[in-house]
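Have a look at the structure below before the remarks.
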Amino acid sequence: MIDARAIALVIVALSAGVCGGIGACGSTQSSESSSEEVDPVVVTDPAAERVEEPEPTLETAPGVETAPVVVADPVVGAEPVVAAEPVVEAETIEDTEPAPLVAIDTHSDTTQRLLDEHADLSTRLSDGHLDLPRMREGGLTAVFMSIWVDPRRFAGEAGWDRSRALVASVRAFVAAHPDDVVLATTAEEVRAAARSHRVAFLMGLEGAHGLGETEPSVMLDRLGELARDGVRYVTITWTNDNVFAHASSGAHPSRGLTDAGRLLVARMNELGVMVDVSHVSDRTALDAIEASRAPVFASHSGARAIGDHPRNIPDPILRRIGETHGAVCINYYAQFLDPAYGTARRAVEREHRAEFDALPRGRSWTTSAARNALARRLAPELHPPTLRTLGEHFAHVAAVAGPEVPCLGSDFDGVGELPRGMDDVSDLPALFRELERRHLEVRAIAGENVLRVMAATEATARELAPTPR
């Protein structure tokens, strides 16, 4: 059971940090998804349309070349990362002081806002799901910023440039806010950041197509470059198949890892990069579990027995992930939590296409509020899933795979609709109350389960490191 005093202490401390260290807490939400509510190639859901923007380059993240970044020690197997400031050091904590609650969200698409809008996440934004003030209000101490490349806008080698630009934008933000944010690359650094009342930013590559389109050996070298820059997981596919594997919604969902994909998994193990099986086909997930020397995890997926959608994970694979000491972080997207609701919602949009098309176009965090309001007005009989539905996914994963498996994988700023009761990250305490009501282990779900997988992945990299001569 969660330690209420620990939660109170960490939220009070974090709140004080953002309102005092960053500036007075002020106030700033999307219809179109940044990375989830789209079909793999042809977009049929109007909520998933995007505004075309000039293709960014690495230079679109100002200050990256010279700004110092608070960064972890290099991972085993990767080249050293030069840091201009020291790594967060572990602090001595009095035996009587409870350990802070470490709460980690393993998937947020807010990175797009950093790069494309130059959004200042140190202030409270008027829209979207996540920024530092709201993280502190909700008690979220760490977040994996998604390095997601839209393959329809950045095809082929342009995808690699986009990945580098997204990574650079995260590093630039961390460099600009050293008193409030640390770039963490290990489990211990996530804990140290929480003890120092700083938010830990981590990074995960969503889809190996973000490594570009060239020889697999070159793409594996690029994986090493991303690892040196702080990327600590790779989702093997997004909704599209790639040279390494097949996706749950790709052209061949019955297929799994390719030979190149097995090399990718092996290289990830060597680098200390976690293997993420969200988005992949069932066969790919099983192949990855078999191929990986480290536990695998799903960064933002649900339970298919509760929500029958290909993006959710079936019970046999949940059990295998549990048996191999992995984790499954639950996605908060309303239409994955309750696919029947998603079907009804899309039918409303098709029936009233003219009204939806008349709404302003844009990215999900700027348009979803208006689209959701219109859907509710046109079809008041539609009832989106609630926090209880979200809690049901957590409870099912815990029951099938074990209490050490479920974790937080919101997909904030990557989906256009969250369950009722969860407007943004500041509502995280409401989710914790729902988990407590179900007698689930909140401290484990909040962060300990993910930290365990991170630590195991780090240990695997050390075991695979060449012995010095």
Positions within the range 199-228 being assigned to a helix (DSSP H, G or I) and within 20 Å of Arg283 (Cβ to Cβ), in sequence order: Ala208, His209, Pro216
Residues that are over 21 Å from Ile330 (Cα atoms) and crowded, with 24+ Cβ neighbours inside 10 Å, drawn from the range 126-161: Leu132, Pro133, Val149
Residue pairs meeting the criteria (Cβ under 8 Å; at least 6 apart or on separate chains; first of a type in the set (A, V, I, L, M, F, W, C) and modelled with pLDDT under 95, in the range 383-399; second in a helix (DSSP H, G or I) and surrounded by 21 or more Cβ atoms within 10 Å (Cβ to Cβ)): none
Flag for Ser122 being of a type in the set (S, T, N, Q) and either closer than 22 Å to Asp179 by Cα or modelled with pLDDT under 95 (or both): yes
Some residue of the range 216-233 being touching a Pro at 6+ places or on another chain (Cβ under 8 Å), closer than 17 Å to Gly272 by Cβ and surrounded by fewer than 23 Cβ atoms within 10 Å (Cβ to Cβ): yes
Among the residues listed as Ala155, Ala172, the single one being hydrophobic (A, V, I, L, M, F, W, C) and either in contact with a strand residue (DSSP E or B) (Cβ under 7 Å, 6 or more places away or on another chain) or part of a helix (DSSP H, G or I) (or both): Ala172
Leading residue by the ranking (surrounded by the most Cβ atoms within 10 Å (Cβ to Cβ)) among those in the range 239-282 that are under 12 Å from Gly207 (Cβ atoms) and acidic (Asp, Glu): Asp276
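What residue, among those in the range 330-366 that are of a type in the set (D, E, K, R) and in a loop (DSSP other than H, G, I, E, B), is farthest from Thr235 (Cα to Cα)? Spell out the reasoning first.
Keep residues of the range 330-366 that are of a type in the set (D, E, K, R), which gives 338, 345-346, 349-351, 353, 355, 357, 361, 363.
Narrowing the set further to residues that are in a loop (DSSP other than H, G, I, E, B) leaves 338, 361, 363.
Working: Asp338: 23, Arg361: 29, Arg363: 22 Å.
Looking at the filtered set, the residue picked out is Arg361.
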Hits in the range 281-312 - residues which are touching a strand residue (DSSP E or B) at 6+ places or on another chain (Cβ under 6 Å) and aliphatic (A, V, I, L, M): Ala288, Ile289, Val296, Ala298
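Pick from the range 376-391 the residues that are assigned to a helix (DSSP H, G or I) and charged (D, E, K, R): which of them is surrounded by the fewest Cβ atoms within 10 Å (Cβ to Cβ)? Before the answer, list the steps.
Start the filter on the range 376-391 by keeping residues that are assigned to a helix (DSSP H, G or I), which leaves 376-378, 387-391.
Still in the list and also charged (D, E, K, R): 376-377, 388.
Working: Arg376: 14, Arg377: 10, Arg388: 13.
Here the answer is Arg377.
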Residues located in the range 143-152, provided they are outside any loop (DSSP other than H, G, I, E, B) and over 17 Å from the mean Cα position of the chain (by Cα): none
Close pairs from the range 422-447: first basic (Lys, Arg), partner assigned to a helix (DSSP H, G or I), Cβ under 7 Å, at least 6 apart: Arg438/Gly391; Arg438/Ala395
Candidate set from the range 392-414 (those that are crowded, with 22+ Cβ neighbours inside 10 Å and in contact with a Lys or Arg (Cβ under 8 Å, 6 or more places away or on another chain)); member that is farthest from Val296 (Cα to Cα): Asp413
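The values are calculated or read from the model by the stated rules, or taken from the named source; none is laboratory data. Every value quoted in this text rests on a predicted model; they were computed, and no experiment measured them. When we count neighbours, we look across all protein chains shown, and the Cβ atoms used for this are built from the backbone with ideal geometry, even at glycine.
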